[in-house]
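Trainee: For reference, the structure I am asking about is given below.
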Amino acid sequence: MVLFSSCMKDSEIEKVLKALANKRRLAILKFIKKRKQANVSEIAGEIKLSFRSTSRHLRVLVSANILDREQIILQGIYRFDNNMPSLTLKMVSVLV
């Protein structure tokens, strides 16, 4: 029985699932959903985590193509990736 079909490779699906399997990263996604975009300091303050740890979580989310990072002057601005695969979008929508 096929539960879903996807053009994503198994390794990509695994990467997304691992990225979503963390309460801090889910908190980050909920905050960005509410704000549309945010920098590391804003996110760290909201989830009450250090700048360094927040940056590490953001790298995981960017690597999984869930978030996109844009450099504006000296700040990295994070928002949902517009090119997120449809399967990833469905998973994020269910969780956030």
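The values are calculated or read from the model by the stated rules, or taken from the named source; none is laboratory data. Quick caveat: nothing in here was measured; it's all calculated off a predicted structure. Here Cβ is always computed from backbone atoms with ideal geometry, including for glycine, and neighbour counts include all displayed protein chains.
Trainee: Go through (1) closer than 14 Å to S93 by Cα; (2) within 12 Å of the chain's Cα centre (by Cα); (3) among the charged types (D, E, K, R) one by one and return the number of the condition K18 breaks.
Mentor: That leaves (1) as the condition not met.
Trainee: May I ask you to list pairs of residues, at least six apart or on different chains, whose Cβ atoms are under 8 Å apart, with the first in segment 74-96 being within 13 Å of A64 (Cα to Cα) and among the hydrophobic types (A, V, I, L, M, F, W, C) and the second being modelled with pLDDT of 90 or more and loosely packed, with under 15 Cβ neighbours inside 10 Å?
Mentor: Between residues of segment 74-96 that are within 13 Å of A64 (Cα to Cα) and among the hydrophobic types (A, V, I, L, M, F, W, C) and residues that are modelled with pLDDT of 90 or more and loosely packed, with under 15 Cβ neighbours inside 10 Å, the close pairs are F80/K33; M91/L17.
Trainee: Consider N82 against the criteria (1) at pLDDT below 95; (2) more than 26 Å from C7 (Cβ to Cβ); (3) assigned to a loop (DSSP other than H, G, I, E, B): it satisfies all of them except one. Which criterion is unmet?
Mentor: (2)
Trainee: Run down L49, L61 and say which single residue is part of a helix (DSSP H, G or I) and not hydroxyl-bearing (S, T, Y). Show your work before the answer.
Mentor: Values: L49 fails: part of a helix (DSSP H, G or I).
None of the others qualify; the one that does is L61.
Trainee: Looking at R24, is it surrounded by 12 or more Cβ atoms within 10 Å (Cβ to Cβ), basic (K, R) and not in a helix (DSSP H, G or I)?
Mentor: Working: surrounded by 12 or more Cβ atoms within 10 Å (Cβ to Cβ): yes; basic (K, R): yes; not in a helix (DSSP H, G or I): no.
So R24 fails the test.
Trainee: Another question, then. One residue is enough: does segment 27-43 have a residue meeting the conditions of a type in the set (S, T, Y), over 10 Å from the mean Cα position of the chain (by Cα) and over 20 Å from C7 (Cα atoms)?
Mentor: Our first condition is that a residue be of a type in the set (S, T, Y); within segment 27-43, this holds for 41.
Pick out the ones that are also over 10 Å from the mean Cα position of the chain (by Cα) and you get 41.
Checking which are over 20 Å from C7 (Cα atoms) leaves us with 41.
For segment 27-43, residues of a type in the set (S, T, Y), over 10 Å from the mean Cα position of the chain (by Cα) and over 20 Å from C7 (Cα atoms): present.
Trainee: Out of all the residues in segment 12-26, is one or more under 19 Å from R79 (Cβ atoms) and acidic (D, E)?
Mentor: Within segment 12-26, not a single residue is under 19 Å from R79 (Cβ atoms) and acidic (D, E).
Trainee: From the list K48, K36, pick out the single residue that is at pLDDT 90 or above, touching a Lys or Arg at 6+ places or on another chain (Cβ under 7 Å) and on the phi > 0 side of the Ramachandran plot.
Mentor: On the way: K48 fails: touching a Lys or Arg at 6+ places or on another chain (Cβ under 7 Å).
Criteria check complete, one pass: K36.
Trainee: Given the structure, is V16 at pLDDT below 95 and within 17 Å of N82 (Cα to Cα)?
Mentor: Values: at pLDDT below 95: yes; within 17 Å of N82 (Cα to Cα): yes.
So V16 fits the description; yes.
Trainee: State whether one or more residues within segment 4-20 are hydrophobic (A, V, I, L, M, F, W, C) and either free of Cβ contacts under 8 Å to residues at least 24 places away in the same chain or in contact with a Phe, Trp or Tyr (Cβ under 6 Å, 6 or more places away or on another chain) (or both). Show your work before the answer.
Mentor: Just the residues of segment 4-20 that are hydrophobic (A, V, I, L, M, F, W, C), to begin with: 4, 7-8, 13, 16-17, 19-20.
Now restrict to residues that are either free of Cβ contacts under 8 Å to residues at least 24 places away in the same chain or in contact with a Phe, Trp or Tyr (Cβ under 6 Å, 6 or more places away or on another chain) (or both): none.
No; the residues of segment 4-20 include none that is hydrophobic (A, V, I, L, M, F, W, C) and either free of Cβ contacts under 8 Å to residues at least 24 places away in the same chain or in contact with a Phe, Trp or Tyr (Cβ under 6 Å, 6 or more places away or on another chain) (or both).
Trainee: OK, next. If F51 satisfies all but one of (1) aromatic (F, W, Y); (2) crowded, with 17+ Cβ neighbours inside 10 Å; (3) farther than 20 Å from C7 by Cβ, what's the number of the condition it fails?
Mentor: Exception for F51: condition (2).
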